[in-house]
1. All but one of (1) among the small types (Gly, Ala, Ser); (2) touching a strand residue (DSSP E or B) at 6+ places or on another chain (Cβ under 7 Å); (3) modelled with pLDDT of 95 or more; (4) more than 19 Å from GLU114 (Cα to Cα) hold for GLY72; state the number of the condition that does not hold.
2. If the Cβ limit is 7 Å and pairs must be 6+ apart or interchain, which residue in segment 20-31 that is within 14 Å of GLY58 (Cα to Cα) pairs with which residue that is part of a helix (DSSP H, G or I) and modelled with pLDDT under 75?
3. Do we have any residue at all in segment 1-13 that's closer than 27 Å to CYS109 by Cα, within 12 Å of the chain's Cα centre (by Cα), part of a loop (DSSP other than H, G, I, E, B) and not β-branched (Val, Ile, Thr)?
4. LEU33 passes all but one of (1) in a loop (DSSP other than H, G, I, E, B); (2) modelled with pLDDT of 95 or more; (3) surrounded by 14 or more Cβ atoms within 10 Å (Cβ to Cβ); which number fails?
5. Inside segment 68-93, can you point out the residues that are of a type in the set (A, V, I, L, M, F, W, C) and either within 17 Å of SER5 (Cβ to Cβ) or in contact (Cβ under 8 Å) with a residue 60 or more places away in the chain (or both)?
6. Answer yes if at least one residue in segment 55-67 is without any contact (Cβ under 8 Å) to a residue 40 or more places away in the chain, in a helix (DSSP H, G or I), surrounded by 14 or more Cβ atoms within 10 Å (Cβ to Cβ) and touching a Leu at 6+ places or on another chain (Cβ under 9 Å), and no otherwise.
7. Based on what the data block shows, is TYR104 assigned to a helix (DSSP H, G or I) and not charged (D, E, K, R)?
Amino acid sequence: MIRQSFHLDRFDWTITIFYAVHGYYVEDIMDELKRIGIRGKKLAKAEENLTAGEVNSGLTYVNNGEAVCVIGIASSAAQYMDSIVHEVMHLCKFIGRAEGLDPYGEEVCYIGGEIARKMWPKSKLLTSECGCYTKRIDKVL
């Protein structure tokens, strides 16, 4: 699993992304969710999702200016990209709502672009079908 944290420039949000490569470190993710204040049914649902072992899945939770996003193991590089886009869209919606932004406005789209740029150094390792990043992934792990 690869972990990445970054801060948004436009808004006071910290985002932590967990990229599943071979599997999840469920305890690490659950600790991070608890740290940002996720509790009760939401926390139980997250653990259920993480322990189900399904491919092509993920999750995103936000609370008080912090977000935790998990990109699950995918069946292909294209499907991994699909999962990334899906979870980034959740981030944009959640952050936009918390910041009082128009959900159809440009500012929400700029958030998505910033998140994508900041994810790129890690996500590119997982969306290449040529296998050229395999050695780099091993170094990151």
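The values are calculated or read from the model by the stated rules, or taken from the named source; none is laboratory data. All of these numbers come straight from a predicted model, not from anything done at the bench. For neighbour counting, all protein chains shown are included, and Cβ atoms are generated from backbone atoms with ideal geometry for every residue, glycine included.
1. Checking GLY72 against (1) among the small types (Gly, Ala, Ser); (2) touching a strand residue (DSSP E or B) at 6+ places or on another chain (Cβ under 7 Å); (3) modelled with pLDDT of 95 or more; (4) more than 19 Å from GLU114 (Cα to Cα), the one that fails is (3).
2. Listed by first residue and then by second, the contacts come to VAL21/ILE137.
3. Taking segment 1-13 and keeping what is closer than 27 Å to CYS109 by Cα, we get 2-13.
With the extra rule that they be within 12 Å of the chain's Cα centre (by Cα), the set shrinks to 2-6.
Subset that is part of a loop (DSSP other than H, G, I, E, B): none.
Among the residues of segment 1-13, not one is closer than 27 Å to CYS109 by Cα, within 12 Å of the chain's Cα centre (by Cα), part of a loop (DSSP other than H, G, I, E, B) and not β-branched (Val, Ile, Thr), which makes the answer no.
4. (1)
5. Quick first cut of segment 68-93, residues of a type in the set (A, V, I, L, M, F, W, C) only: 68-71, 73-74, 77-78, 81, 84-85, 88-89, 91-92.
Result: VAL68, CYS69, VAL70, ILE71, ILE84, VAL88, LEU91.
6. no
7. Working: assigned to a helix (DSSP H, G or I): no; not charged (D, E, K, R): yes.
So TYR104 fails the test.
Residue by residue, here is whether (1) of a type in the set (Lys, Arg); (2) over 20 Å from GLU32 (Cβ atoms) holds:
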position	(1), (2)
GLU47	no, no
ALA78	no, yes
ILE84	no, no
HIS90	no, no
ILE95	no, no
GLU106	no, yes
LYS118	yes, no
